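What follows is a single structure, written as structure tokens, with notes after it.
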Amino acid sequence: VELCPISPLSFSPKQAICAMSRSSSSILDRPLGRSAGRSPDGSVVSLSAFAYVYSELVQYHQGRAASISELERRLESAGYGVGLKVLEMTAYRAKETKRETRLMSILHFVSASVWKALFGKAADSLERSIDHTDEFMIIDYEPLASTFVSVPPDLGQLSADAYVSGIIAGVLDGAGFSARVTAHSVTVEEGEYTKQGGNSMPGLPPRKDKAVFLVKFSPEVLSRDAALER
Amino acid sequence: MSAPVLFVIVGKNEPLFEAEIDTHSSVGAPGQNDLSTRQNYFVLHSALDLVEKSAWTTNSMYLRVVDKVNHQQVSTFLTAANVKFMLLHGGKGEEVVKNFFNEVYGYYVKLSMNPFYKYDTPITSKAFEARVRAAARAYLS
């Protein structure tokens with residue numbers, strides 16, 4: 001997997017990722033920030049810093065994985081732990097002492113609140129699959145993790161956003177909705193999406209592929225949700 | 001005069017944190033007699049079934065009193081990731097218990113942000129324990 005960062009971009013405030021700062025006092029004393037998606041002093045992480053670290057992560061796992069699906073699984077499990085923590089953090093910062101107990105509400109929580117906390121904007125759309133009642137799709141036209149990644153042809157269908165699908169799986173699993181989440185890179189049709197407000201990534205050509213995160217829930221989650229419906 | 005309160009954090013499979021807090025003494029909990037301690041743990045653990053049952057029927061985090069045994073009540077708080085905070089107490093007010101849970105919730109979220117803390121594993125941080133005890137003394141006495 002090659003990586004071609006253009007120049008160290010200083011990131012735009014829209015691409016905010018939860019930052020954790022080091023300190024000499026106990027972490028239990030540091031403020032956690034009560035506004036959703038932002039650290040208390042408004043500081044954010046630079047996109048290029050994330051891109052460099054992520055590229056190392058991918059290269060590390062690629063050296064150890066024997067196959068494409070194993071690489072994907074490793075990236076997903078790397079994201080899983082992040083998902084568990086993001087769930088607690090985002091729920092806490094949202095101030096309401098409410099948990100999600102229904103399928104649709106947890107999906108909205110993921111596509112809106114979690115996306116905002118991680119990427120600075122809500123996911124572009126949430127869809128339900130027509131053929132399978134247990135499948136849903138979260139679509140992002142500018143997926144962050146694969147911004148500077150070009151996948152060579154011998155890695156086939158691998159999506160660098162496997163890390164993000166691991167995060168989603170961690171959030172869903174932690175909340176009690178176990179699901180299998182996979183990332184797919186789909187070409188954007190002509191005229192399917194026009195960017196409002198200009199290119200959010202100045203200096204780069206518009207993305208040709210959108211990321212589709214396919215979420216497939218386990219049967220017991222669906223039956224529990226159906227039972228709650230009554 | 002009052003019995004100590006028992007506070008337990010339960011994850012998916014096992015208790016992650018336990019503290020028996022004597023809210024009326026100025027030092028940490030002195031030894032209580034073993035039998036009632038064991039009984040208390042038993043009562044708390046048997047209340048887990050009731051917690052599971054009511055977990056999916058409401059979407060608030062604070063579950064109020066889920067069980068009453070003898071003169072003691074079990075109150076529960078559920079975090080977004082379904083980690084259960086349970087308190088066995090002898091009839092403290094709702095608001096008081098809710099504030100205590102909210103404070104411990106804040107500490108728990110901060111603790112879980114630590115990259116060295118793996119989710120759903122026992123909590124061994126002394127700082128966390130000290131803060132939970134301080135919060136209990138502040139809110140529950």
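The values are calculated or read from the model by the stated rules, or taken from the named source; none is laboratory data. Note that this is a predicted model, so its numbers are computed, not measured. Cβ atoms come from the backbone with ideal geometry, glycine included; neighbour counts cover every protein chain shown. These accessible areas exclude ligands, DNA and RNA; they are computed on the full protein's heavy atoms, side chains included. Shrake-Rupley method; radii C 1.70, N 1.55, O 1.52, S 1.80 Å.
Scanning segment A:59-80 for residues that are surrounded by fewer than 16 Cβ atoms within 10 Å (Cβ to Cβ) and not hydroxyl-bearing (Ser, Thr, Tyr) yields A:GLN59, A:GLY63, A:ARG64, A:ALA65, A:ALA66, A:ILE68, A:GLU70, A:ARG73. Every condition in (1) at pLDDT below 85; (2) over 25 Å from A:LEU228 (Cβ atoms) holds for A:LYS85 except the one numbered (1).
May I ask you to list the residues in segment B:117-141 that are part of a loop (DSSP other than H, G, I, E, B) and either closer than 22 Å to A:THR97 by Cα or open to solvent by 30 Å² or more (accessible area, probe 1.4 Å) (or both)? Correct list: B:LYS118, B:TYR119, B:ASP120, B:THR121, B:PRO122, B:THR124, B:SER125, B:SER141.
The criterion of at least 1 residues that are facing chain B (nearest Cβ under 9 Å) and among the hydroxyl-bearing types (Ser, Thr, Tyr) is met by the following helices (runs of 4 or more DSSP H) wholly inside segment A:40-109: A:68-93, A:103-108.
Determine if segment A:165-178 includes at least one residue that is more than 11 Å from chain B (Cβ to nearest Cβ), more than 15 Å from the chain's Cα centre (by Cα), within 26 Å of B:ASN114 (Cα to Cα) and not in a helix (DSSP H, G or I). Yes, that holds for at least one residue. Take the residues in segment B:90-116 that are hydrophobic (A, V, I, L, M, F, W, C) and open to solvent by 10 Å² or more (accessible area, probe 1.4 Å), then tell me which one is farthest from the other protein chains (Cβ to nearest Cβ). Applying the filter and picking the extreme gives B:VAL96. Within segment B:56-67, residues that are over 12 Å from B:LEU88 (Cα atoms) have Cβ atoms under 8 Å from residues that are open to solvent by 30 Å² or more (accessible area, probe 1.4 Å) and part of a strand (DSSP E or B) in these pairs: B:ASN59/A:LYS98; B:SER60/A:LYS98; B:MET61/A:LYS98, counting only partners at least 6 apart in sequence or on another chain.
Restricting attention to segment A:130-159 and to residues that are without any contact (Cβ under 8 Å) to a residue 24 or more places away in the chain and part of a loop (DSSP other than H, G, I, E, B), the residue that is surrounded by the most Cβ atoms within 10 Å (Cβ to Cβ) turns out to be A:ILE130. Residues of segment A:204-230 that are open to solvent by less than 30 Å² (accessible area, probe 1.4 Å) and not small (Gly, Ala, Ser): A:LYS210, A:VAL212, A:PHE213, A:VAL215, A:PHE217, A:VAL221, A:ASP225. Scanning segment B:46-63 for residues that are open to solvent by 60 Å² or more (accessible area, probe 1.4 Å) and within 22 Å of B:GLY93 (Cα to Cα), we see that the one that is farthest from the other protein chains (Cβ to nearest Cβ) is B:LEU50.
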